[in-house]
1. Compute the Cα gyration tensor for the range 97-149, then decide on rounded, prolate or oblate, letting a ≥ b ≥ c be the square roots of its eigenvalues: rounded whenever a/c is under 1.5, prolate when a/b is larger than b/c in the other cases, and oblate in all that remain.
2. Shape verdict for the range 135-186, please, from the Cα gyration tensor: rounded (a/c under 1.5), prolate (a/b greater than b/c) or oblate.
3. Tell me the Kirkwood radius of the range 121-216: reciprocal of the mean inverse pair distance over distinct alpha-carbon atoms, in Å.
4. Extending each Cα 7 Å along its Cβ direction at GLN123 and GLN153, get the distance between those two points in nm, one decimal.
5. Can you compute the FRET efficiency between ASN173 and LYS133 using 1/(1 + (r/R0)^6), with r the Cβ-Cβ distance and R0 = 30 Å? Round to the nearest 0.05.
Amino acid sequence: MLKPKKYLRAKCMLYACCMIVFCVCSSCSRKSSDVHNSCTLREEAVILESRISWAKELPVSAQEYNSITKDVGKDPVLIILSQELTEQASASVLKYPSLPNFPELDVTAYNAAQKTAIDSFCQALLKNDSPDKYIMSGYTYTLVLFRYNLEKQKLSFRDMTDYVLGKPFINENECQCPVRLFFNDETHADINLYIAKSGPNWKIHQIEYIIRESNK
C-alpha cells in the first residue's frame, strides 16, 4: 500500500500526463482544422478567379512601350490608360477648316450616294445646267422658290464660281446638307439642301435659303 505522500505525487504525475496528452490532441485538432479551412479558402479563390472575365491587354509595340514607360513606369494598367488618353488626344487634335457663320467643312458623315446627289446638283448650278433631275418628283416648286430668293439678292447661277459643303445633319430617313455658294462679286449664298431616298437614289425635296446680313 502506497504512503500518502507517494500517493499524492503519483496522482499529480498522472494528472500532468493527462493534461499533456489533452493539449497535444487539441493542438493537432486545431492544426487539422486550420489546414482544412486554408484549403477551402484557396479553392474558393481559384473558383472566383476562374469566373473573372479579364480584359485583353491592348497590343503595344516595343517602341510605343518604351515611349510610354519612360514616364509612367511598367505598370500595365498605367500603360493601357496612357495609350487610350493618347489616342483620345490625337483624335481631338484633328480639326476641320471652317468659314464664318457656316458649319465646319467636315464631309466624312456623308455616304457616297448622298455626296453624289449634292455634288451633282451643285455642279449643275455651277455649269448653269438644269438641276431639275436632282429634285424629287412633285417638289420642283422648291427650286422655283430658290431661284426667286437668289434673284431677290441680285444673284444668278451664271455668276456662280464655286461651292463648299458643310457638316451634315443625318437621321434615318433624311439628310440636311449645308452648302455655301460663291459668286464672282465675292458674295455668297447659304442654303440647306434636304435630301431623302427616292428609289435607289437620294434626291432633293427642299431647298432652304438662309438670309444673313453678310449675304446682302
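1. prolate
2. Details: a/c = 2.93, a/b = 1.36, b/c = 2.16.
Cα axes put the range 135-186 in the oblate bin.
3. Values: mean 1/r = 0.0728 Å⁻¹.
In the range 121-216 this quantity evaluates to 13.7 Å.
4. Result: 2.4 nm between the two label points.
5. Between ASN173 and LYS133 the formula returns 0.90.
The numbers here are math on the coordinates, done by the rules we state, and not lab data. Note that this is a predicted model, so its numbers are computed, not measured. Because the Cβ atoms are built from the backbone with ideal geometry, glycine has one as well, and the counts that use them run over all protein chains shown.
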